[in-house]
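Only one structure is covered here, and it is reproduced in the block below.
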Amino acid sequence: MPAQRCNCAVLVDPAMQPELPEYRQVCLKCRRAAASCWCNELRPVQSRAHLMLLQHPREARNPIGTARMTHRSLPGSQLRVGVDFSQDAALQAAISDATRTTVILYPARNAKDARELQAVKGELNVVVIDGTWTQARKLWNRNPILHALPAYRLNPVTPGQYKIRKEPEAHCLSTIEAVQQFLDVVDGEDGRHREMLRPFLSMVDRQVAFAESPDRTRRVRKKRVKRVRLPPAELTAAGDNLLMVHGESNGWAAHREDVPAVELLQWDALRPSTGERFHALVRTRTQSPAVGTFLELSPEQLTQAVAPEEFLARWRAFLRLDDVPCTWGYYSMVLLHDAGGGRVESINLQRLATMWTGQKLGTVERGFEHFGAPPVVTDHPGRGSRRLLQMVSIVEKLRSALGAG
């Protein structure tokens, strides 16, 4: 028979009931804890510029971000969160709005001084990217639709007050500070929109006061545990199938947007088990003026570069199905992928060496120096060939330490 539910009242001594956990109250408007709410400090301002904030999803989770403050301080503004805005209807509507001039506040290579917008009559649509500098670059690169907009840069007139968050440079500003100064410049009236900074300054002062308060509960620092050396199992598992590879680029900085595209220029590989060697210089569309110096290649050697198609054909003929590539970091495999070589999984020797030594090892040269390997004699020209042989020496040191041979 099914169990019968008891309908009688159950008397429980209140003293015997467990205490329910207390959850802190959260303001649904600013999404901060009630004790840190800045809504009362809001002073909305008016401007002829209609703002659209494009926010990176990670920045949206940052409790001390200022995009929401900016949005709520400017009536009619929009806050959009995402990475790919190519199909965003609101952005497309703003760009196609014939009644307003649409611009973007971003320090692109061809960006103009924001003061030039004072000569533009009528209302403006202003697109602003919100996130860390790395996140902002990703949004810019992922959304070519933004590149068609006239870009304007801001020359800060006052230093930033973002004391609770580290900025990459002294002149960098939070989003709300940048927008406030930008609107002042556009409207040609210094300090006109300063009231919108009230919640920001209040938040900063509150956080600074909390950090400096002697009564607050400070975190107890955990005793640092000595890193245990872990055996690089990948190296031993690869056995005779290990294939050392290393690539060098055409000398442009990968993190900068005001330079041509980064391309694969030199590719080297070596099978330690057989001594088989691969070396190629690849023809690129552009080269940094100092690429020869950086890569230790003469102008005559650079002229020996082959077409990317020829390089890929030679490389695919050299590869074996059971090869296990091993690189220093992942940059080499990124260069190969961008050159048309496909996406290939590889062993990260830099990570294994760091795990083994317990120290951060940046460059190949740093790792080579740390392991105290003997000097190498390159059999092919260029820094890439030297680094490849240095990587081979590091692998030999690790394998001998494990007794793997």
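The values are calculated or read from the model by the stated rules, or taken from the named source; none is laboratory data. Since the structure is predicted, the reported quantities are computational estimates derived from the model, not experimental observations. Note that we place each Cβ from the backbone using ideal geometry, even for glycine, and neighbour counts take in every protein chain shown.
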Single unsatisfied condition, residue 88 versus (1) at pLDDT 80 or above; (2) exposed (fewer than 12 other Cβ atoms within 10 Å of the Cβ); (3) more than 25 Å from residue 180 (Cα to Cα): (2)
Test residue 116 against the stated conditions and say whether it is charged (D, E, K, R), at pLDDT 90 or above and touching a His at 6+ places or on another chain (Cβ under 7 Å). no
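Does residue 68 satisfy the criteria of being of a type in the set (D, E, K, R), modelled with pLDDT under 90 and either within 26 Å of residue 187 (Cα to Cα) or part of a helix (DSSP H, G or I) (or both)? Show your work before the answer.
Values: of a type in the set (D, E, K, R): yes; modelled with pLDDT under 90: no; either within 26 Å of residue 187 (Cα to Cα) or part of a helix (DSSP H, G or I) (or both): yes.
Judged against the criteria, residue 68 is not a match.
Yes or no, residue by residue, for (1) more than 30 Å from residue 110 (Cβ to Cβ); (2) modelled with pLDDT under 80:
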| position | (1), (2) |
| --- | --- |
| 221 | yes, yes |
| 227 | yes, yes |
| 231 | yes, yes |
| 244 | yes, no |
| 261 | no, no |
| 272 | yes, no |
| 275 | yes, no |
With of a type outside the set (Val, Ile, Thr) and without any contact (Cβ under 8 Å) to a residue 12 or more places away in the chain as the only criterion, which of 358, 340, 329, 362 stands out? 362
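Take residue 314 and tell me if it is assigned to a loop (DSSP other than H, G, I, E, B) and among the basic types (Lys, Arg). Steps first, please.
On the way: assigned to a loop (DSSP other than H, G, I, E, B): no; among the basic types (Lys, Arg): yes.
No.
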Quick count over region 356-400, residues being more than 14 Å from residue 269 (Cα to Cα) and within 27 Å of the chain's Cα centre (by Cα), is 12
Extreme residue, surrounded by the fewest Cβ atoms within 10 Å (Cβ to Cβ), among residues of region 135-173 that are among the basic types (Lys, Arg) and modelled with pLDDT under 65: 166
Mind checking which residues of region 334-343 are assigned to a loop (DSSP other than H, G, I, E, B) and either at pLDDT 85 or above or out of contact with any helix residue (DSSP H, G or I) (no Cβ under 6 Å at 6 or more places or on another chain) (or both)? 342
Could you tell me which numbered condition residue 316 fails, if it satisfies all but one of (1) within 27 Å of the chain's Cα centre (by Cα); (2) modelled with pLDDT of 90 or more; (3) of a type outside the set (Phe, Trp, Tyr)? (1)
For region 242-281: of the residues being part of a loop (DSSP other than H, G, I, E, B), among the charged types (D, E, K, R) and touching a residue at least 60 places away in the same chain (Cβ under 8 Å), which is nearest to residue 344 (Cα to Cα)? 263
Taking region 322-366 only, how many residues are within 22 Å of residue 282 (Cβ to Cβ) and hydrophobic (A, V, I, L, M, F, W, C)? 9
Quick one: how many residues across region 354-402 are assigned to a loop (DSSP other than H, G, I, E, B) and either aliphatic (A, V, I, L, M) or not assigned by TED's automatic domain parsing to the domain that holds residue 298 (or both)? 4
Out of the residues in region 341-396 meeting the condition of being aromatic (Phe, Trp, Tyr) and farther than 23 Å from residue 297 by Cβ, tell me which one is surrounded by the most Cβ atoms within 10 Å (Cβ to Cβ). 356
Residues in region 362-388 that are modelled with pLDDT of 85 or more and either of a type outside the set (A, V, I, L, M, F, W, C) or in contact with a Ser or Thr (Cβ under 6 Å, 6 or more places away or on another chain) (or both): how many? 15
Criterion first (exposed (fewer than 13 other Cβ atoms within 10 Å of the Cβ), in the same structural domain as residue 250 (by TED's automatic domain parsing), among the aliphatic types (A, V, I, L, M) and at pLDDT below 95) does residue 290 satisfy it? yes
